[in-house]
1. Run a plain Debye calculation on chain D (Cα atoms as equal point scatterers, no solvent) and give log10 I(q)/I(0) at q = 0.04, 0.05, 0.06, 0.09 Å⁻¹, rounded to two decimals, same order as the q list.
2. I'd like the mean, over residues of D:670-679, of how many other protein chain beta carbons sit within 10 Å of each residue's own Cβ.
3. Is it possible to state the helix-based mean residue ellipticity at 222 nm for chain A, with each DSSP H run of 4+ residues giving -39500 (n - 2.57), the sum divided by total residues, to the nearest 500 deg cm²/dmol? What is it?
4. Return a whole-number percent for the relative contact order of region C:58-172, with Cα pairs under 8 Å and 6 or more residues apart as the contact set.
5. Past 25 Å, Cα to Cα: identify those pairs from B:2/C:227; B:79/C:2; B:116/D:357, in the order given.
6. Considering Cα pairs under 8 angstrom that are at least six residues apart, work out the relative contact order of region D:1-112 and quote it in whole percent.
7. Would you mind pulling out the separation of the Cα centroids of region D:377-433 and region A:1-77, in Å?
8. Expressed as a rounded percentage, what relative contact order does region C:7-53 have, with Cα pairs under 8 Å and six or more residues apart?
Amino acid sequence: MKHLLTTTVNGEQVQEAVSPRTSLADFLREDMGLTGTHLGCEMGACGACLVLMDGAPVHACLVLAVQAEGCTVETIEGLTETGAAADLQARFHDRNALQCGYCTNGMLMSAQALLAANPDPSRDEIRDALSGNYCRCTGYEAIVDAIAATASDRAALPETKAEAAE
Amino acid sequence: MKLDGEQFLNADPQTVWTALFDRDVLAGAIPGCESLDQLSATEFAAVVKLKIGPVSARFKGDVELSDIVPGQSCTLSGKGSGGIAGFAKGAAQVTLTPEAGGTRLCYDADVAVGGKLASLGNRLIGATAQKLTDAFFANLSDALTPPEEARSA
Amino acid sequence: MKLPSFEYLRARSMEEAWALHSEAGGDAVYLSGGHSVVPSMALRLQAPSRLIDISQIAELRGVSLADGTLRIGAMTRHAEVLADPLIARHAPLLSQAAPHVAHPAIRNRGTIGGNLALADPASEFPAAVLALRAEIEATGPEGRRLIAADDFFLDLYETALAPGELLTAIHVPLPPESRLFGFDEIARRRGDYAMVGVAAQADVAGGVIADASVTLFSVGFTPVRAKAAEQALDGAPLSPESIARAQAALAQNLDPPEDPGFPPERRLQLARVLLGRVLSRMEPVK
Amino acid sequence: MTMHIGQAARRENARRHLAGRGRFVSDLALPRMLHAVFVRSPMARGRIFEIDTSEASACPGVVRIFTAAELNARCTPWIGTLGHFAGMQSPPMNILAEDEVLWTGHPVAMVLARSRAEAEDAAELVMLDIEDAEPVTDGAAALRPGAPLANPAARDNLCYEAVLETADVDAAFAGAAHVVEASMTFGRHTAVTLEPRAVIADFDASSGALTVHHGTQTPYQFQDVYSRHFGLPEGKVRVIAPDVGGSFGMKLHVYNEEMGAVAASLILGRPVRYVADRLESFLSDIHARDHIVQGRMALDAEGTILAMEVNDLTQVGAISAYPRTSAAEGNQVIRLMGAPYRMSDYRGRLSVAFQNKVQTSQYRAVGHPIACAVTEALVERAAEATGLDPFEIRARNLIADDAYPHVSATGYQFEKLSHQACLAKLHEMMEPDALRAEHASLRKQGIYRGFGIASFVEITNPGAAFYGVGGARISAQDGAVVRMMPSGDIHCAISVTEQGQGTETIIAQVVADQLGVTPERVSVTTGDTATTPSGGATWACRGAGIGGETALRAGRRLRDRILTLAGALVQADPASLRLENGAVVDATGAARITLEEIGRIATYRPDTLPDGIDHSLTVAHHFAPTGYPFDFTNGIQGSLVEVDVETGLVRILKHWVVEDCGRIINPLLVDEQIRGGVVQGLGPAFFEECQYDADGQLTNGSLADYLVPMACEMPDIEIAHIETPTGDTILGAKGVGEAGTAAAGAAAMNAVNDALRPFGARLTQTPMTPLRILDALDAAREERTDP
């Protein structure tokens, strides 16, 4: 039996009938057409499917769509539209911190959450935050560099400094 | 994977031997046994449901006794298919030795799983096999222990 | 890898949860974070006919101090365990264990209650609650009971929870000032299942150890109390000699099962090495 | 004028991925599309008695369930042999197992349903009755007389054997002052692309056209394969490879499942989608390596390498992969042995054995890591035996930079390499003396660090000598169509493909320079057989060297065409004109006419042009390498590790690479290719292994159990370059994709062994797991206490 799911995806309230067995990832990809959320292992080991659920990165493959009832979900498409991660995306681009692009969604989600919680992470802390994100192409260093550079950029912004001081 | 062990049973070798060939005793001893149909003196068709943590599978297969040296030793083997989960098989060489007050049962088992169970269960396959083997012989021991002793123990 | 069909029901109260569970006749699973249930279903390793979502039940939430114990609600997520100041102050082994539990995103969803109820022998929290001598609060239609951690983990993935009973909270006795804590694990990669792990605490007053509590994980069917090692420590000064005796005593309580990938004697060897390191680096609450 | 070749241009197509706008096959959904799930053999070897699909067929959503009889009839079998591998055998392969199952995971039935979930529901209910048989799991045992057959359709278990030797090997060993030996085992591993294999086959019966959306490196190869094996005219087959989520050689082989999707679409006349899940990937994507090698090296008293002798046993699965075979890796192993070194004599023996496991075949740096690890382990032992420093022994033996052209003892022709310059550069970067001093002082605190180095030669830019000579229909040439739009913007459609390496970016850079525009004005299309010319595409490091040269030559032909037009328009000798900054300029550098103006006239007012002038602004050019059969590149790597001798855990602290890939088109992309490659070398050195039990069961077939290298375990990687362009092409670029992978594992193993030297322990098997390290330490301890 399908459930009527009410949730907020990228700022839009959606109501959709979903089957309980549908994962949040399949719901986003197939019902919402948000294919920027990728599936790499469907068991929580690769990090390609991370989305922000109530602001925190979660594996969309391990969450049932029905569990997102009343939650806010943000995908890479949403982050792009709001511009919230534009500087991070730009640094990834500058540093060529992606090749095939399949892991990129998850990397950006982990990075965004890390920088929100820890605006000045060390390289080891960045690597630790990415410990559940598999990338087969880059060797990770460029991704670490891009995140470190974004942290420096944000630290140099006067308004971010003010926020941090509050 | 190889497993071996032994169990002291509170019954004489002949009683133990008879029990090993007894459908009801086997059905009670095989962990998760849902049904056990006797096909011949030494062959049984079994349905076994196992639930171990996040894994639950129903196996259909057979149990057989072979290499029989009456009263002393035999091979107890079984294999079952768990559908898409894969299959499991095992054989235990069982020897009985009389000992004061009962029988020493020694087993030397080789167990294997295949298919998805093999590719996903590696981390705990040893512990699972050990647990099930232990449970089988413990159940057998319980079946051979007179009820009043079991209560007082 | 898609889940088989099932019925999904959301319980608003414990009473509703029990009723929904009992109605399913043993074929229901409680869903809290879902990070064990969902993947095992996607892998089609289990197919319960009903999942009962308990995440909305208020009694399962929150971390609080009362009557000399710290109560950690079962729905407390791993990330909350990691960040919670009360836990850091009164149950530091849990705070130390949390960063080793999988990866950040998993920790945002997984719950401590779900983790303990699963009782994976390689998992960190079961060993930590055992070392903390915590009690597990279980609530069912018959009422509420507290189960000593020592009596909770029975066998491989088997706990003392009765069918349908909910793990509602963890109660941790407040530690004295003199208590030292240590936690570590050896894993191939960050966040992997540990090859072996140690959670330990001990009261060291006047240079003498009392009430040592040493548990190991990923060494057997359940987390294992190393009682002989505890005895080797109690009454002795915390020194290389007493640590060596504790390491030597490990074999009395540890009998790692056969493992095609890692022989039992190697696991015991690693357990000794790690125990030595953890004991020599124990620290009081910061 | 600014040259764009050599600039660190960012990848335009990366922006889409960063915005979540990638277009992968796994993202695509077509109307009426069916989802395929395969039912697989749970055992490694067995005979099929019955496949009962009755219950499964009745499941909701199920449209059809195929078994071998119906599906295989639609497709001719494929045979993975090459003509130039004399005596090679491999039995024919079909989509579904007919009587015998040959590996755990061999597909036996195909379920088609309206959703993947429903197809999986039904697959659970397909009942298999397979009698299991003893599998062949050990390649050495498989080659003994009387061994059971891994594949009953084969003559025996020997897929292929070869010997390569010079005349005086035995004499060289007999007269050697030092002979060092090594027995080494290289585990099986696999590509683990983050996007699994994905295909949507869409046969339109009304037009007889088959369109296959296929996550592959080599669309033209598959156009040919689908055309021939399904009996379709080539012109009716279109293969589209959009964004591909990683490939590394894994996605250019023919697989049962993709062939099954095409067959099912042909039968049903509907789109059929197959996207492997991760568990299926481990059981069906090609595996790689799985070698057991014995090697020895002869040296004179001064430490000069005289000769090498190696035996390589490659264990490949129950058939040889198609169309590149499973023997090419072993063939490359025995030919790359000792490649960086001046050495006059050599004997290499190769045996390729069938076994009941997943087929192995070409994966990134085919054969390189094996040849490099064996050679460099022997060089390290030679250094110990002769008392020479690791840098010194290499300095004495690496081919001198002025000694080219050089022919290796295995017959490879090297045009020009730079081993000595790379070695000197690495020495400067690593500062080994400082490292040694630091390690000595750390050892006093019980901390064991070590470093290791490894020189390598990489094969790039292969011509037809690779496969074509063996009869394989694998293109050795590439093609480009370059056109100028009316606006003066440029478009290039090219046969080399993009999987994130930056192919489209470097092609834009190359074309831009030929036409005097910025790369932003050059758009590039790849990966579609209907819109790009046919070619070999991207594998074995062809993208830059062959694809780049193709684009360059096409660009120059268009340039000449434009200059001719411009000459007519501005009344000048075309030879006096050139293209710069989007315009035609004369010898003084003065702009005479813009590209836009030429485009406008040629497109909208060709009537104003002189009679007979060719005003077409589109040119096509195909290029096949000539000259040397391959462009070899070279380099050297260094690795620094710390071994926890109590737990066997290794921390990789740092990695260095000095690499010479000829002309560097884009240093940003080159460096990231190297870094990614290094990590794909370090992964198998420490973590990755497809573990099989004695029953042929893969026991770690998930991403939780198969350990891929992750961010915390990988080091920062420092890179430097030496640039020795090839003279075979105008561009001078060679490949770089395999370089990182080629030597990273070898350097890491030498580093681990350096750290363990105080204990006399030595690792000879990959991956170097904690257990193997502890075992090595124990073995060394026993050897010392029990002489």
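The values are calculated or read from the model by the stated rules, or taken from the named source; none is laboratory data. Given the structure is predicted, the values throughout are model-derived calculations rather than measurements. Every residue, glycine as well, gets a Cβ built from its backbone with ideal geometry; the counts of neighbours run over all protein chains shown. Calculation scope for accessible area: heavy atoms of the full protein, side chains included, ligands and nucleic acids excluded. Shrake-Rupley method; radii C 1.70, N 1.55, O 1.52, S 1.80 Å.
1. Rounded to two decimals, the profile gives -0.18, -0.28, -0.40, -0.87.
2. Shielding by partners across D:670-679 averages 5.
3. It comes out at -11000 deg cm²/dmol, rounded to the nearest 500.
4. 28 percent
5. B:2/C:227; B:79/C:2
6. 37 percent
7. Measuring centre to centre over Cα atoms gives 54 Å.
8. 57 percent
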